[in-house]
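The values are calculated or read from the model by the stated rules, or taken from the named source; none is laboratory data. Remember, predicted model here, so these are calculated numbers, not experimental data. Quick reminder, even Gly has a Cβ in these numbers, built from the backbone with ideal geometry, and neighbours come from all protein chains shown. Just so you know, the surface numbers come from the protein's heavy atoms only, side chains and all, with ligands and any DNA or RNA stripped out. Shrake-Rupley method; radii C 1.70, N 1.55, O 1.52, S 1.80 Å.
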Amino acid sequence: MYKFLKSKNRHDIIFLFLMLNITFCLAQVVEEELPVRGFAISAPRPSEVGKFLEFIEKNLSKTNVNTLFLMVNYKYQFESHPELAEPSSLSQNDVKKIVATCKNYDITIVPLINLLGHQSWKQDNIKSLLKVYPQFEENPGDKLQDKDFYCRSYCPLHPEIHAIIFELVDELIEVFEAKAIHVGMDEVFVLGEDSCSRCKGKNKAKLFADEVTKIYNHLESKGVNMYMWGDRLLDGRTTGLGKWSASHNDTYPAIDLISKNIIICDWQYKTAPPTPAYFAMKGFKVISCSFEVSEVANQQLDNVLSIRKLNKATIKNRLLGVMHTYWSTFDSFIDCYEKSNCSSETIKGAIETFKTMYENDK
């Protein structure tokens, strides 16, 4: 650090400023005690559960993380619908070990299952729900031929879909002993398609809002809180955020049609726009989510802390905290985290960001 203090090089000075700013913000996190200091990662394979427990015990418990968002999706041996479990899915015993370990370290665990969108991939990559029940798919029509076609959705108006997905949701809530569940709902690019006989001509914002509300009502009846991603509730054109971290397919008016009791996870990975403040002003509790760019994560944290510090309780209490997300497998995370064996620059950046945010003694 001393060599940077002596340096007259502009880049060295900028680097020193950033390091000091990051350290200051981390100290603020401890002092401020944000209600949610989250980490989202894919569930481990059964063969990796021991290593995952070791990571929680030796590493995660030494950080400021207090909420683990575990991306389970269909990687659980469902008793209600065993036909939907993906290969190498967690058993009930595996989950109970993870739950017990998190309890030992006062880490709240929130299971995540993608609903509506992210049901399968590309032209020929059909999995889980849509592989077993192809009739549930929202027909993508000509979109399937687009070179940028990404992921498939189930049709929210299919009369048999909710009986099945709610059984899956209920089972995850029970096995994880969860008081909250994350239901995904991000990057829904296939919705209200003309090629779907049930959805053709329907207002996409209302379709989206109605599905959110149906899921919310089910969870509320069980006394379970609901988390969801916020990208479909943002106008990608007006904000300039684009079609990924915001909506280009007219779902964004749904923000005024859904319950304000839903907790919004606002993911913005390349920039740090004032979207958490927007959600808070709309009446939602919100978490600001980062990925692979440390400077962005640091600015997001600073934004959340500033809003909490400089606003009255009405707004302050809606800014719940931050979440770091990791979008690859647990084994790729631990290889990069422990051995610096990082398979890509994105993964390396995500690990560095995680360490920047959370590797600070409680």
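General observations
- In degrees, nearest ten, helix 345-358 long axis to first principal axis of the chain (Cα): 60
- Looking at the chain, the accessible area is 45 square angstrom per residue; that uses a 1.4 Å probe and ignores ligands, DNA and RNA.
- Cα→Cβ-extended label distance, 7 Å offset, between Ala313 and Ser221, nm: 3.4
- When each of the peptides 114-125, 184-195, 138-149 is scored by the mean number of other C-beta atoms lying within 10 Å of its residues, the order from highest to lowest reads 184-195, 114-125, 138-149.
- Rounded to the nearest 20 debye, dipole of segment 235-362 from Cβ charges on Lys, Arg, Asp, Glu: 720
- Proximal lysines relative to Lys97, as straight alpha-carbon distance under 17 Å, when same-chain residues fewer than 8 apart are discounted: Lys51, Lys58, Lys75
- Placing unit charges on the Cβ atoms only, positive for Lys and Arg and negative for Asp and Glu, gives the chain a dipole magnitude near 1100 debye about its Cα centre.
- When DSSP beta bridges are restricted to pairs lying wholly in the chain, around 10% turn out antiparallel.
- Lysines with Cα under 16 Å of Lys348, excluding same-chain neighbours fewer than 8 positions away: Lys270, Lys339
- Of the options (i) 28.2, 103; (ii) 20.7, 69; (iii) 32.7, 118, only one is Rg and Dmax of the Cα atoms in Å as computed from these coordinates, and that is (ii).
- Accessible area of the chain belonging to carbon and sulfur atoms, whole % at 1.4 Å probe: 51
- Test item: Cα-centred dipole of segment 100-252, Lys/Arg +1 and Asp/Glu -1 on Cβ, debye: 240
- Cβ-Cβ FRET estimate between Asp124 and Ser47, R0 fixed at 30 Å, reported to 0.05: 0.60
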